[in-house]
Amino acid sequence: MNILMVSSECVPYVKVGGLADVVGTLPKYLKKQGHDVRIIIPKYRSIDGVKYNLETLPYRLTVKVGKEQESFRIKTCLLDGNVPVYFIENMRYFNRLGIYGDESGIGYGDNRERYIFFSKAAVEAVKAIMFRPDVIHCHDWHTGLIPAYLKTTHANDGFFWNTSTIYTIHNISYQGSFEASTTLPLAGFSWEDYKSDKLEFYNTFNFMKAGLAYADIISTVSPTYAKEIQGPAGNGMEVVLQVREKDLFGILNGIDYSYWNPADDKYLNAKYSSSDIKNKSLCKKHLQEKCRFAVDEKAFVIGCVSRFDSQKGFDLIMDTINKVQHLNIQIVVLGSGDMNIRNGLLYLKHIYPEKVSVWTTYNEPLSHEIYAGADAFLMPSKFEPCGLSQIISLAYGTVPIVNKTGGLADTIINFSKDSLSGNGFVFDFSKGEQCVDAVINAYNVYQNQTVWNKIISNAFSSNYSWNKSMEQYENMYNTAVQKRTAYTIYQI
Ligand code: ADP
């Protein structure tokens with residue numbers, strides 16, 4: 001099958017969150033199954049053309065954004081030596097320091113134009129390179145317009161007559177909602193398309209709604225989140241999703257165990273594995289030194305690697321930090337994003353310097369050191385479509401403490417003292433259970449090293465590889481292909 005992924009992020013080239021991991025990893029597994037998979041992403045300034053050996057293809061293409069003709073070029077390289085990646089290069093929209101916004105976390109004012117341009121350019125690029133996809137797999141709001149283009153402006157374009165579209169929701173809170181009367185002409189749609197069963201969403205033009213209304217199949221990144229977004233967690237999209245329930249798949253993300261592997265992790269001074277864990281304590285010591293904590297084997301070290309976003313439950317994290325100061329707990333947080341969260345954490349570091357360490361950048365090597373060096377990993381998200389960090393921490397034998405929501409509920413099983421089963425600690429915030437209680441419970445269990453080692457072993461044996469999820473993706477792609485007819489407009 002010919003599969004085209006279109007996304008605004010993809011590891012190793014550009015990563016803001018888990019979306020990048022998915023788009024950079026799933027194709028490698030699909031390729032192994034014999035599919036011809038290709039990826040299109042923007043050529044952001046931070047993507048190093050020399051490092052990745054980018055080759056410029058001999059096309060000069062243009063698309064219209066409103067009345068302006070925007071030209072672009074296509075650069076290309078191979079991901080892992082065998083998956084072609086195409087980079088859409090345009091100076092005006094992508095040659096800037098940030099990805100979605102500036103350093104302060106404020107989004108760029110022209111993100112609407114940027115991703116209209118990108119979506120149109122992706123559609124033209126795939127024609128230029130003569131890759132006729134059976135499926136175009138679109139990710140998140142940045143690419144939500146592509147399914148709409150295929151069923152409107154490109155409905156008569158024979159190139160796409162056998163192309164199905166899939167739209168995947170990685171996070172329903174980022175929808176790309178804009179004022180309609182200016183967005184419609186910018187994006188090249190007509191008022192005909194601006195109906196409640198198409199692009200319109202509560203009097204706005206909504207990119208995600210476009211994806212949900214026009215894609216042949218919709219998916220999201222965990223079975224529980226697929227259910228949750230048909231209810232109050234749907235951020236207004238619940239009714240659309242209820243109507244399209246039969247076309248909605250919930251498939252758990254996997255991680256790349258060859259990359260997230262403590263036995264062969266280039267960022268770790270000391271390597272370890274599930275069968276020989278003793279060097280994990282060296283990673284802990286190293287992390288304690290780095291954070292200027294007391295080097296104390298008995299201290300319970302909790303790690304957190306996350307975007308600074310209210311979704312991630314930082315109010316609960318800060319509350320917990322305040323309430324566990326009487327215990328031998330050390331907490332290290334790495335993240336970037338929202339300034340209020342950043343400042344709140346830095347304040348806690350200031351008042352508890354011996355117990356709290358806060359790192360406010362995006363730092364891949366340090367993230368690995370935290371996954372390896374911590375005893376537990378705190379992730380009390382208010383909602384979590386899938387979550388990769390808890391799965392990564394399982395791979396490092398670092399025990400997750402999570403709120404029971406979305407993909408966290410699908411991957412972490414609460415530890416039971418009776419059966420010694422479970423790979424982490426789970427509290428249910430919706431039922432009034434508290435994060436701090438879960439942390440204290442984990443701390444108490446940690447005091448018995450034999451029991452704690454059993455949880456570590458349960459964590460190591462939890463496997464969320466792409467091999468499992470990939471079969472479900474293949475099944476979804478087949479369903480999309482069977483469903484496709486050029487003019488299918490879904491009744492929503
Ligand atoms: P989300 O996609 O909502 O940000 P996920 O848990 O799905 O959350 O994925 C987060 C990914 O981003 C993980 O791989 C995590 O290690 C990484 N990450 C988040 N913040 C940072 C940071 N400041 N430095 C390094 N890696 C980070």
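Observations on the structure shown:
- HIS350 exposes around 140 Å² of accessible area when a 1.4 Å probe is run over every protein chain in place.
- For segment 116-241, Kirkwood radius (reciprocal of mean inverse C-alpha pair distance, Å): 14.7
- Under-5 Å amide H pairs with PHE300, H placed in peptide plane, nonlocal only: ILE329, GLN330
- Within segment 147-224: Cβ-based charge dipole about Cα centre, in debye rounded to nearest 20 (Lys, Arg +1; Asp, Glu -1): 120
- The distance between label points at LEU78 and TYR257 comes to 2.6 nm (points 7 Å beyond Cα on the Cα→Cβ vector).
- Divide the volume of the convex hull around the Cα atoms of segment 410-492 by the residue count and you get 154 Å³ per residue.
- Sites GLN482 and SER196 - FRET efficiency at Förster radius 25 Å, r taken between beta-carbons, to 0.05: 0.35
- The mean sequence separation of alpha-carbon pairs under 8 Å and at least six residues apart, normalised by the residue count of segment 280-464, gives a relative contact order of 21 percent.
- For segment 262-275, backbone phi angles converted through the Karplus equation (6.51, -1.76, 1.60; θ = phi - 60°) give residue-by-residue couplings of x, 7, 8, 10, 5, 8, 9, 6, 10, 9, 8, 8, 4, 8 Hz, Gly and Pro being listed as x.
- Couplings 3J(HN,Hα) of segment 38-50, computed from phi: 9, 10, 10, 9, x, 8, 6, 4, 5, 7, 7, x, 6 Hz, in residue order, whole Hz [Karplus 6.51 cos²θ - 1.76 cosθ + 1.60, θ = phi - 60°; x for Gly and Pro].
- Normalised by the number of residues in segment 141-257, the mean separation of alpha-carbon contacts (under 8 Å, six or more apart) gives a relative contact order of 29 percent.
- Taking Cα centre as origin and charging only the Cβ of basic (Lys, Arg, +1) and acidic (Asp, Glu, -1) residues, the dipole magnitude of segment 280-464 rounds to 260 debye.
- Mean Kyte hydropathy of -0.5 or more with a Cα span along the axis of at least 20 Å, helices from DSSP in the chain: 18-32, 111-128
- Solvent-accessible surface (1.4 angstrom probe) belonging to VAL239, in square angstrom, nearest 10: 90
- Take the Cα of ALA294, step 7 Å toward its Cβ, do the same at GLU238, and the gap between the two points is 4.9 nm.
- Reach of LYS31 by Cα under 14 Å, taken over aspartates and glutamates that are not fewer than 8 positions away in the same chain: ASP80, GLU471, GLU474
- For segment 280-464, the gyration tensor built on C-alpha atoms gives a rounded shape. Its axis ratio a/c (a ≥ b ≥ c) stays under 1.5.
- Dipole moment magnitude, nearest 20 debye, the chain about Cα centre, only Lys, Arg, Asp, Glu C-beta charged: 620
- Couplings 3J(HN,Hα) of segment 52-66, computed from phi: 9, 6, 6, 10, 8, 7, x, 10, 10, 10, 9, 9, 9, 10, x Hz, in residue order, whole Hz [Karplus 6.51 cos²θ - 1.76 cosθ + 1.60, θ = phi - 60°; x for Gly and Pro].
- DSSP finds beta bridges in the chain, and of those with both partners inside it, around 30 percent are antiparallel.
- Using 0.36 nm per residue and subtracting the Cα-Cα separation, the extra length available between LYS417 and ASP157 on full extension is 87.5 nm.
- Relative contact order for the chain, counting Cα pairs under 8 Å that sit 6 or more residues apart, in percent: 13
- Whole-number accessible area per residue in Å² for segment 280-464, which is evaluated in the context of all protein chains at 1.4 Å: 38
- For segment 124-225, applying the loop criterion from DSSP together with a ceiling of 14 other beta carbons within 10 Å to the GluC sites (Glu not before Pro) yields GLU179.
- Restricting the calculation to alpha carbons of the chain gives Rg and Dmax of 22.9, 69 angstrom.
- Of the residues VAL11, VAL399, ranked by 1.4 Å probe accessible area with the largest first, the sequence reads VAL11, VAL399.
- Where a label projected 7 Å from the Cα of THR56 along Cα→Cβ would reach, residues of segment 85-110 with amide N under 15 Å: 87-92, 95
- Under 5 Å between amide hydrogens, built in the peptide plane, is the criterion, and for LEU79 it picks out VAL85 among residues at least 5 positions away or on other chains.
- Across the accessible surface of the chain, with the other protein chains kept in place and a 1.4 Å probe, carbon and sulfur atoms take up 50 percent.
- Prolate/oblate/rounded call for segment 40-140, Cα gyration tensor, a/c under 1.5 rounded: oblate
- Comparing segment 173-331 with the 2.2 N^0.38 Å rule of thumb, its C-alpha radius of gyration ratio is 1.54 (two decimals).
- Annotation: extensible slack from SER173 through MET339 equals 57.9 nm (criterion: 0.36 nm per residue apart, minus Cα-Cα distance).
- Rounded accessible area of TYR257 (nearest 10 Å², 1.4 Å probe): 60
- Look at the dipole of the chain built from charges on Cβ: of LEU57, VAL333, TYR29, the Cα furthest out on the positive end belongs to LEU57.
- Of the chymotrypsin sites (Phe, Trp or Tyr not before Pro) found in segment 319-398, those in coil by DSSP whose Cβ has at most 16 other Cβ atoms within 10 Å are TYR362.
- Gain on full extension, evaluated as 0.36 nm per residue between GLN69 and SER274 minus their Cα-Cα distance, stands at 68.2 nm.
The values are calculated or read from the model by the stated rules, or taken from the named source; none is laboratory data. Computed from a predicted structure; not experimentally measured. Positions of Cβ are generated from backbone atoms using ideal geometry, with glycine treated the same way; all protein chains shown enter the neighbour counts. Note: areas computed on protein heavy atoms with side chains; ligands, DNA, RNA excluded. Shrake-Rupley method; radii C 1.70, N 1.55, O 1.52, S 1.80 Å.
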